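Enquirer: Starting off with a structure, shown below.
Only the coordinates and a few stated rules stand behind these numbers; no lab work does. What you are looking at is a predicted structure, and each value in this text was computed from that prediction instead of being measured. So basically every Cβ, Gly included, is an ideal-geometry build from the backbone, and we count neighbours across all protein chains shown.
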Amino acid sequence: MTVVQPMDNFVLLEIKTDENTVTELGLILPANVEPEKALVKSIGCKCTFVKVGDIAYFGKYAGDEMEIDGKKYMFIRESEVLAVKRD
């Protein structure tokens, strides 16, 4: 991937599309019923909470999508991140 560094308080998210999720009970949930979430690939210099490698949850209409090197990414402001999941 080309190195992309977001500015200020922006976060670069890698969007995974068309992935079905299997619940603990074995139910298959289509990708369109899942909450909006993506992998944090890069952060701007003014980001204080979100870290690279987090899974970020965000609103349906947050940010701007774009394609970089054939993959879908999204730029959103750190303030548009509703929650993060860390391992």
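Enquirer: Just to compare against my own numbers: the Cα pair-distance distribution for the chain, 10 Å bins, whole % per bin, please.
Expert: The distribution over the chain is 17, 49, 27, 7, 0, given as percents.
Enquirer: Using the number of other C-beta atoms within 10 angstrom as an exposure proxy, rank R77, R86 with the fewest first.
Expert: R86, R77
Enquirer: So which of K16/K41; K37/K60; K41/K71; K46/K71 end up more than 19 Å apart by C-alpha?
Expert: Over 19 Å Cα-Cα: K46/K71.
Enquirer: In nm, what is the difference between 0.36 nm times the number of residues separating T2 and Y57 and their Cα-Cα distance?
Expert: 17.4 nm
Enquirer: Of M66, M7, how do they rank once you tally other Cβ atoms within 10 Å and put the fewest first?
Expert: So the residues, fewest neighbours to most, are M7, M66.
Enquirer: Now for a separate question. May I ask for the net charge around D87, where only other residues with Cβ less than 13 Å from the Cβ of D87 are counted and Lys, Arg are +1 while Asp, Glu are -1?
Expert: Counting the neighbours of D87, the net charge comes to +2.
Enquirer: For the range 36-43, take each phi angle, set θ = phi - 60°, evaluate the Karplus expression 6.51 cos²θ - 1.76 cosθ + 1.60, and give the result in whole Hz per residue in order, putting x for glycine and proline.
Expert: My calculation for the range 36-43 gives 5, 8, 7, 7, 6, 9, 7, 10 Hz in order.
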